[in-house]
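A.B. asks: What follows is a structure written as structure tokens; I'll ask about it next.
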Amino acid sequence: MRRKIVAGNWKMNKNVIDAQQLMAELKDYKNNTTTNCEVWIAPPSIYLMMAKDLYENDEVGVFSQDMSEHESGAYTGEISAGMLESIEATGSIIGHSERRQYHGETDSHCNKKVKLALEHGLIPIYCNGETLEQRKSGQHLDVVKNQTEVALFTLSAEEIKKVVIAYEPVWAIGTGETATPEQAQEIHAHIRQLIAGKYGQEVADEVSILYGGSVKPDNAVEIFSQPDIDGGLIGGAALNKNDFAKIIEAFN
Ligand code: 13P
């Protein structure tokens, strides 16, 4: 059975008071609700320890939004896989399109980060997805194939089973424009086929693939009901407990 996941990527939002409040609301929600999926959050790294302290029973998985490709050393501003391991973080988002766009991150960087995360017992949420131009020119399947192969296909079968993939079409992020369930399903099935081609169907059937890009309470049910979509990586709608909870409840 593939794990079903709703993960919130808070990006660069919320001051400490607001972060603490949302974390507490989610704890309360998780403790009083039976959810049919795992609930993860990726707050800004300055709040990770606070989240770990609050979720003492691991009610909510705690992820960083990025991590360094290096073990340690003179890399000002970075946080390492070892640091995340030491606070018992659940994992890290890797290769988000905003990291690619604003920080020049490539799939070979992502490959190093994914491996390092796994070495430190962290779950990598590896993000991929095409731009609008790439989709318009019919390159989307090839782009996602290349991203998946370069970043992930040096892993062993045992390793790739631990990776969560998030397909996030760049044109759907923060734009209010969502991929149709059919468009998303096409790419998710494509990614799964690529994994099956390399590692076998049994391995491919164990990898959770999330969709990200303007998932909202009113479209989550339709998106999550697609056969190869195992949940969502949520941006804007994860900043509000009620919206996030409604998305979680799309699995009910
Ligand atoms: P939005 O849900 O705000 O479109 O963001 C998606 C995303 O980038 C999650 O990582």
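The values are calculated or read from the model by the stated rules, or taken from the named source; none is laboratory data. These numbers come from a predicted model, not from an experiment. Because the Cβ atoms are built from the backbone with ideal geometry, glycine has one as well, and the counts that use them run over all protein chains shown. Areas reflect the complete protein model, heavy atoms only, side chains present, ligands, DNA and RNA absent. Shrake-Rupley method; radii C 1.70, N 1.55, O 1.52, S 1.80 Å.
A.B. asks: Among the residues of region 65-83 satisfying the criterion of being among the small types (G, A, S) and farther than 18 Å from E119 by Cα, which is least open to solvent (accessible area, probe 1.4 Å)?
C.D. replies: Step by step, filter region 65-83, then rank; the result is G77.
A.B. asks: Another question about this same structure. Checking the conditions here, which among V6, V62 is without any contact (Cβ under 8 Å) to a residue 40 or more places away in the chain, within 16 Å of the ligand (Cβ to nearest atom), open to solvent by less than 80 Å² (accessible area, probe 1.4 Å) and among the hydrophobic types (A, V, I, L, M, F, W, C)?
C.D. replies: None of the other options fit; the residue is V62.
A.B. asks: What number of residues in region 84-111 are among the acidic types (D, E) and either open to solvent by 60 Å² or more (accessible area, probe 1.4 Å) or modelled with pLDDT under 95 (or both)?
C.D. replies: Total satisfying the criteria: 2.
A.B. asks: Go through region 173-252 and tell me which helices (runs of 4 or more DSSP H), entirely inside it, have 1 or more residues that are within 15 Å of the ligand (Cβ to nearest atom) and of a type in the set (A, V, I, L, M).
C.D. replies: 181-199, 220-224, 241-248
A.B. asks: Let me ask another. Just for region 9-36: of the residues that are part of a loop (DSSP other than H, G, I, E, B) and more than 27 Å from R99 (Cα to Cα), which one is least open to solvent (accessible area, probe 1.4 Å)?
C.D. replies: Only one residue tops the list, namely T35.
A.B. asks: Among the numbered conditions (1) away from the ligand (no atom under 16 Å from the Cβ); (2) surrounded by fewer than 20 Cβ atoms within 10 Å (Cβ to Cβ); (3) more than 21 Å from G231 (Cα to Cα), tell me where P44 comes up short.
C.D. replies: The single condition P44 does not satisfy is (1).
A.B. asks: Answer yes or no as to whether I165 is closer than 20 Å to S92 by Cβ, aliphatic (A, V, I, L, M), within 16 Å of the ligand (Cβ to nearest atom) and open to solvent by 10 Å² or more (accessible area, probe 1.4 Å). Please lay out each step first, then the result.
C.D. replies: On the way: closer than 20 Å to S92 by Cβ: yes; aliphatic (A, V, I, L, M): yes; within 16 Å of the ligand (Cβ to nearest atom): yes; open to solvent by 10 Å² or more (accessible area, probe 1.4 Å): no.
The answer is no for I165.
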